[in-house]
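The values are calculated or read from the model by the stated rules, or taken from the named source; none is laboratory data. Because the structure is a prediction, the values reported are computed rather than measured. Here the Cβ positions follow ideal geometry from the backbone for every residue, glycine too, while neighbour counts run over all protein chains shown. These accessible areas exclude ligands, DNA and RNA; they are computed on the full protein's heavy atoms, side chains included. Shrake-Rupley method; radii C 1.70, N 1.55, O 1.52, S 1.80 Å.
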Amino acid sequence: MSLHPLAQFIDNVPDFPKPGILFRDISPLLRDHFNATIDAISDLYTVEEWQQIDKLAGIESRGFIFAAALAYKHQKGFVKVRKPGKLPHVHASIDYGLEYGKDSLHMQKGDGSRILILDDLIATGGSLNATCQLCEQVGYQIAGMACVINLTSLNSFAYKGHQVRSVINYND
Ligand SMILES: O=P(O)(O)OC[C@H]1O[C@H](OP(=O)(O)OP(=O)(O)O)[C@H](O)[C@@H]1O
Ligand SMILES: Nc1ncnc2[nH]cnc12
């Protein structure tokens, strides 16, 4: 399959932030094509599927951008998935591995509603996998996972039957 037209606005930066990493910088996409990007993520789900989603979770920090915009567009609630030391009333936290480091994520208590998890990019899937587990631990039902860029081979990341959906798939 050919790359989505929005892929031309990704700046591919070799050896950032470490040697060997090809960094997919979304800055030009956000700067010049923000509405089109939000609409493209929105179109990954049907009207009927959007009706089954109550809340959008954004993974700090780039995930906030997309989850917040889509929450506004679809009139849903927005939930933060935060890095350590930022959130009061933390109900649960989880440690996870990144393509170029380690981190942990924290969340407040959920309310049993159906949540769609948003991030800019999936590389190893560590952040999304950790967030799925954390959402369930704090008391949300996973409705799905979506991102702008998918770097996973064969787009195979799934969590308990929910397949990640993405706009730009580099391994198609
Ligand atoms: O699939 P993975 O291997 O987990 O990698 C993807 C994650 O890495 C980046 O976040 P980062 O922790 O660099 O934070 P940032 O959004 O604050 O830049 C990116 O925004 C994703 O959240
Ligand atoms: N290759 C990559 N480009 C941009 N953000 C990332 N986060 C993790 N891996 C990344």
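If a spin label sat at a point 7 angstrom from the Cα of residue 141 along the line to its beta carbon, the backbone N atoms of segment 59-80 nearer than 17 Å would be those of 77. For the chain, relative contact order (Cα pairs under 8 Å, six or more residues apart, normalised by length) works out to 19 percent.
Taking every Cα-Cα distance in segment 12-170 and sorting them into 10 Å bins from zero, the calculated P(r) comes out as 11, 42, 37, 10, 0 percent.
Figure the gain on full extension for residue 13 and residue 89 (residue separation times 0.36 nm, minus the Cα-Cα span) and round it to one decimal in nm.
On the way: separation 76, 0.36 × 76 = 27.36 nm, distance 3.78 nm.
Taking 0.36 nm per residue and subtracting the Cα distance, the gain is 23.6 nm.
Would you mind telling me the share, in percent, of accessible area of segment 48-91 contributed by carbon and sulfur at probe 1.4 angstrom? Looking at segment 48-91 in its full context, I get 48 percent from C and S. Choose one of 81, 63, 50: the residue whose Cα lies farthest towards the positive end of the charge dipole of segment 30-172 (beta-carbon charges +1 Lys, Arg; -1 Asp, Glu; about the Cα centre). Sorting the options by dipole projection puts first 81.
What 222 nm value per residue comes from the helices of the chain, counting each DSSP H run with n ≥ 4 as -39,500 (n - 2.57) and dividing by all residues, nearest 500 deg cm²/dmol? List each step's numbers first, then the result.
Values: 5 runs with 46 residues, N = 172.
After summing the helix terms and dividing by the residues of the chain, the value is -7500 deg cm²/dmol.
Taking the Cα centre of segment 12-170 as reference, the dipole from Cβ charges on Lys and Arg (+1) and Asp and Glu (-1) amounts to some 360 debye.
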